Amino acid sequence: MKNSISVLSGTLERLLVDGAAQADAASPQMAQMAQMAQMAQMLYQTRRLNDNLMQLLALYKRVGTPDYPFDVQPIEADQLVAQVVALGRVLLDAKGIVLDVVLESDLIWHLDEDLIVGVVAHAVNNAVHYTRDHIRLALRTVDGLLEIRVEDNGAGYPQALLAAGAAGLSQVASGIDFRSNSAGLGLYFSREVARMHRHRGREGSVRLENGGTLGGGCFILSLP
């Protein structure tokens with residue numbers, strides 16, 4: 001399933017790139033623009049499916065347990081951000097969403113690069129669904145922690161998702177809510193990845209809230 005979705009996602013991405021090039025070369029027609037919008041939505045859904053399958057595979061391999069491969073290395077913040085931006089660039093451009101990046105200068109942190117890129121890229125992909133047209137990715141140090149914030153200018157997280165998030169981030173696993181279409185998988189995975197990062201008696205955490213700089217939903221990942 002994951003491999004098939006990856007192929008589909010790659011094909012859609014190439015179609016969107018080719019379509020954008022054609023639109024730049026000539027006056028775009030309404031039909032072409034509608035087709036581009038539909039492909040962008042398909043790309044969003046395939047990215048979402050692929051993210052969830054990757055999280056399921058990691059959990060199946062017992063992410064968060066001592067036997068799971070966990071590689072903490074010093075990583076430059078701009079290197080981390082570059083990977084996240086590259087993963088989302090085509091979808092963001094296709095949907096006309098502006099992504100602002102705010103970084104502390106010369107910021108370096110010890111973390112598992114692959115896991116954290118996966119968590120943050122998934123948060124950006126979720127923000128694509130909720131935002132109107134603007135997402136903010138900010139990295140800074142707060143009280144000795146690295147704080148990674150993904151914010152949007154949408155209407156904010158619905159209460160059902162905030163409630164599911166609170167359950168998913170607690171020590172008790174949340175159930176499946178068919179009304180909100182949420183199983184809490186993404187938040188559970190993010191929490192497990194955050195908790196794997198420990199230093200001097202402190203461990204990472206994740207939380208959801210509304211407000212922030214853009215006034216919409218906020219995903220906050222804190223790492224010691």
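The values are calculated or read from the model by the stated rules, or taken from the named source; none is laboratory data. For clarity, every value in this text was computed on a predicted model and none was experimentally measured. Methodologically, a virtual Cβ is constructed for each residue, glycine included, from the backbone with ideal geometry; neighbour enumeration extends over all protein chains shown. SASA here: full protein model, heavy atoms, side chains in, ligands and nucleic acids out. Shrake-Rupley method; radii C 1.70, N 1.55, O 1.52, S 1.80 Å.
Brief remarks on what is shown
- Number of the exception - Gly156 against (1) part of a loop (DSSP other than H, G, I, E, B); (2) closer than 30 Å to Arg200 by Cβ: (2)
- A Cβ distance below 7 Å, combined with a sequence gap of six or more or placement on separate chains, defines the contacts here; from segment 3-21, residues that are more than 15 Å from Gln45 (Cα to Cα) and open to solvent by 60 Å² or more (accessible area, probe 1.4 Å) reach residues that are of a type outside the set (Phe, Trp, Tyr) and modelled with pLDDT of 80 or more in the pairs Leu15/Met39; Val17/Val90.
- Considering segment 1-116, the qualifying helices (runs of 4 or more DSSP H), each wholly inside and each with 1 or more residues that are in contact with a Ser or Thr (Cβ under 7 Å, 6 or more places away or on another chain), run over 2-25, 30-60.
- Contact map, segment 70-97: first residue closer than 21 Å to Arg48 by Cβ, second residue open to solvent by 70 Å² or more (accessible area, probe 1.4 Å) and at pLDDT below 90, Cβ cut-off under 7 Å, separation 6 or more or different chains; pairs are Val90/Val17.
- Residue satisfying all of: in segment 129-166; surrounded by fewer than 18 Cβ atoms within 10 Å (Cβ to Cβ) and among the charged types (D, E, K, R); farthest from Leu43 (Cα to Cα) among these: Asp143
- Matching option when the condition is open to solvent by less than 50 Å² (accessible area, probe 1.4 Å) and under 24 Å from Met39 (Cβ atoms), among Val63, Val84: Val84
- If the condition is being among the polar types (S, T, N, Q) and in a strand (DSSP E or B), then segment 201-224 contributes Ser205, Asn210, Ser222.
- With respect to (1) modelled with pLDDT of 95 or more; (2) over 21 Å from Ala58 (Cα atoms), the lone exception for His197 is condition (2).
- From Val98, Val117, residue being buried (at least 17 other Cβ atoms within 10 Å of the Cβ), closer than 26 Å to Gly10 by Cβ and not hydroxyl-bearing (Ser, Thr, Tyr): Val117
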